[in-house]
Amino acid sequence: MKSDNWYILGAGSMGCLWAASLCHKGEAPRLILRDSNYQQLKESHAPLKLTTAGQSFQYHVDVVSPETLNAPINRLIVCTKAQNALEAINSIKSHLTESGQILLLQNGMGSQQAINEAFPTQSVWAGSSTDGAYLAAPFEVCHAGQGETWIGPMTDNSVSVDRFNDLLSNFRLKVSPCDTIEQKLWEKLAINCCINGLTALFNCRNGELLDNGEKQAWLDLLMAETCSVLTALDIHTPSLKERVYGVCQATANNISSTCQDARQGRATELPFINGFLINKAENLSIPVNSHKQLMDQLRASGIN
Ligand code: PAF
């Protein structure tokens, strides 16, 4: 076992996509699964399947659980949902080396900052991705939309980008370094906090938000409030309205990740998306009533 093997926490669509992509490159990542999932997969001996652009690949990936981990972890990619990230890292904390690298691939914001604070000696990087992937079945990932992932350090005193070289070149995912990763995270959050919760509330596809009616009016209010918060934080993004309308049009047939979570009765990442924005707005005394109303109505509908 090489001491710099990548370990990946979480076997959802992103975890499987990154694990398969590292295998594709000839690396030997190890996937860390929760104990119940670990038992099932270990017994089934199932290979990891990747489908992309009409082609299918299979890889044999080493899976471990927090209980069966037996080696130090120098390099870790966290692919859990935002709400599970801190707890997941804590479950393997004793194996993380003091100067280890952690790459966080959560949606929204808040979880990255909490982990950065909880792991001061490790080098914590965050990523913001536009890759589209879903699990057709457990351990079977479909890379549906080739996107881009920007990665950058959460603190100035972080390790050099060279330590991430194997993710930046000769890799089937497009990964680029970014000096201002918090700005990138905000840009994505700004789009998601307008689209995702609304699609979950109306149980609709992204394109259906542009209905020239009730949904679009609400979307416009959410955008306006989001812009006020970004401006107060001095975060400059290209026209939010163009970007949000553009995403709704370009992904018109997609069911957003939040709408999928709501349909499956799973907890959503909205506390790290709209919830994060609302917290920031309250600290700045900026009214965000449409965002609050959206979160209230979602809660009343049993979507958390
Ligand atoms: O969360 C998602 O599903 C996506 O980020 C987006 C942009 C809403 C497209 O479906």
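Quickly rank 103-112, 39-48 as a protection proxy: mean count of other C-beta atoms within 10 Å, highest first. Please list the in-between numbers first.
Details: 103-112: 24.5, 39-48: 13.8.
Result, highest mean first: 103-112, 39-48.
When you work out D = kT/(6 pi eta Rh) for the stretch 217-304 at 20 °C and 1.002 mPa s, using the Kirkwood radius from C-alpha pairs as Rh and the Stokes-Einstein form, the result is 152 µm²/s. Viscosity 1.002 mPa s, temperature 20 °C: Stokes-Einstein D of the chain from its Kirkwood Cα radius, in µm² per second? Translational D for this selection: 107 µm²/s. Taking amide H atoms as placed 1.01 Å from N in the peptide plane, the amide H of Leu104 lies under 5 Å from those of Val78, Trp125, Ala126, Gly127, each 5 or more residues away in sequence or on another chain. Rolling a 1.4 Å probe across all protein chains gives Glu67 an accessible area of roughly 140 Å². Kyte-Doolittle mean at least -1.0 and Cα extent at least 20 Å along the axis: which DSSP H helices of the chain qualify? Taking the DSSP H segments of the chain (at least 20 Å long, mean hydropathy at least -1.0), we get 181-202, 214-232.
Across the stretch 122-129, rounded Karplus estimates of 3J(HN,Hα) from the backbone phi angles (6.51 cos²θ - 1.76 cosθ + 1.60, θ = phi - 60°) give 7, 9, 9, 10, 10, x, 10, 10 Hz, Gly and Pro being marked x. Radius of gyration over Kirkwood radius for the stretch 6-179, both on Cα atoms: the Rg/Rh ratio is 0.93. Placing unit charges on each Cβ (+1 for Lys and Arg, -1 for Asp and Glu) gives the chain a dipole about its Cα centre, and among Thr149, Ala262, Met295 the Cα reaching farthest toward its positive end belongs to Ala262.
Quantify, in whole percent, the carbon and sulfur part of the accessible surface of the stretch 250-299 (1.4 Å probe; protein heavy atoms only). Kindly include the intermediate steps, with their values, before the conclusion.
On the way: 1100 of 2550 Å².
Ligands and nucleic acids excluded, carbon and sulfur give 43 percent.
Restricting the stretch 1-36 to trypsin sites (Lys or Arg not before Pro) that sit in a DSSP loop and have at most 11 other Cβ atoms within 10 Å of their own Cβ leaves Lys2. Distance from the C-alpha centroid of the stretch 184-217 to that of the stretch 236-304: 7 Å, rounded to the whole angstrom. Would you list which aspartates and glutamates come within 13 Å of Lys25, measuring only between C-alpha atoms, while excluding same-chain residues fewer than 8 positions from it? Candidates past the 8-residue exclusion: Asp166.
Between the listed residues Cys178, His45, Ala114, the Cα displaced farthest toward the positive end of the dipole of the stretch 6-179, a dipole computed from Cβ unit charges relative to the Cα centre, is found at His45. Return the subset of Lys81/Lys184; Lys184/Lys215; Lys42/Lys184; Lys174/Lys292 for which the Cα-Cα distance in this structure is over 28 Å, preserving the input order. Those over the limit are Lys42/Lys184; Lys174/Lys292. In sequence order, the stretch 56-64 has phi-based couplings of 10, 10, 10, 9, 9, 10, 6, 10, 9 Hz under the Karplus curve 6.51 cos²θ - 1.76 cosθ + 1.60, θ = phi - 60°, and Gly or Pro positions carry x.
The values are calculated or read from the model by the stated rules, or taken from the named source; none is laboratory data. Keep in mind that this is a model prediction, so the values were computed, not measured. Heads up, the Cβs are rebuilt from the backbone with ideal geometry, glycines too, and the neighbour counts pull from every protein chain shown. These accessible areas exclude ligands, DNA and RNA; they are computed on the full protein's heavy atoms, side chains included. Shrake-Rupley method; radii C 1.70, N 1.55, O 1.52, S 1.80 Å.
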